[in-house]
1. Pick from Ala117, Ala130, Ala152: which residue has the top mean-square fluctuation in a GNM of the chain where Cα pairs under 10 Å get a spring?
2. Sort the range 85-176 into rounded, prolate or oblate with this rule: let a ≥ b ≥ c be the square roots of the eigenvalues of the Cα gyration tensor; rounded if a/c is under 1.5, and if a/c is not under 1.5, prolate when a/b is larger than b/c, oblate otherwise.
3. What's the carbon and sulfur percent of the range 1-43's accessible surface, probe 1.4 angstrom, rounded to a whole number?
4. As a check on your grasp of the helix formula, calculate [θ] at 222 nm for the chain: sum -39500 (n - 2.57) over DSSP H runs of n ≥ 4, divide by the residue count, round to the nearest 500.
5. How many angstrom separate the Cα center of the range 88-117 from the Cα center of the range 1-70?
6. For the chain, max minus min Cα coordinate along each principal axis, in Å, sorted largest first?
7. Under the definition of Cα pairs under 8 Å and six or more residues apart, what whole-number percent is the relative contact order of the chain?
8. Taking only protein heavy atoms and a 1.4 Å probe, what accessible area per residue, in Å², does the chain have with all protein chains in place?
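The values are calculated or read from the model by the stated rules, or taken from the named source; none is laboratory data. Quantities reported herein were computed from a predicted structural model and do not represent experimental measurements. Note that each Cβ is placed from the backbone with ideal geometry, even for glycine, and that neighbours are counted across all protein chains shown. Ligands, DNA and RNA are stripped out before the accessible areas are found, and what is left, the full protein with its side chains, is counted by its heavy atoms. Shrake-Rupley method; radii C 1.70, N 1.55, O 1.52, S 1.80 Å.
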Amino acid sequence: MSAVADCADVLDRVVLLVDSLKEEEWTAPTPCEEWDVRAVVAHLLDVEQRFLANLTGEAVRTDLTLRENAALLTAAFQAEGALERVVPDRLGDITGLTLLNILMMEHLAHGWDLGRAVGRDPSFDEEVAARTEEFARLMSPEVPPALRRFDAPQPVSPQAPAIDQLAAFLGRKIPA
């Protein structure tokens, strides 16, 4: 699959998980200790809104759902030259492909948080999670300390699934 198709799959899996949430699950604590489920979803929506604006050059739209933003992001990343184009970000000017990889990392990590919080596995693709962990490891030294949003890496078994490896690298405690 292409990077855009991989990202679309990750976004879809998170959207399906969010769509399946029951009323009482919105206040459940998550492994992202400062946020409950509602706050994690709000964060993902904010990320999607900012990234869509960065990629398209249009104003941030706050009237769209997670599902609508995901569809618009997928379409924007599929546009001719979108992955090669340099776009603004808090990290500075980056390529659309880097933006796409950051978007996948955010959704994989926080999708993992949501899945753990409500006891449902989003079933992310192992190869996509492994490639995203590799991206996170390569990108990590480039992120200024003031912009780092994840905690220090945590120990994890080398035999753990790739999504757990990514979550541990991004500071999540993985049960033994």
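1. Largest GNM mean-square fluctuation: Ala152.
2. prolate
3. Numbers: 1240 of 2260 Å².
Within the range 1-43, the accessible surface is 55 percent carbon and sulfur.
4. Numbers: 6 runs with 95 residues, N = 176.
Mean residue ellipticity at 222 nm (helix-derived): -18000 deg cm²/dmol.
5. Result: 10 Å between the Cα centres.
6. 44, 37, 34
7. Values: 213 pairs, mean separation 39.9, N = 176.
Computed value for the chain: 23 percent relative contact order.
8. Result: 51 Å² per residue.
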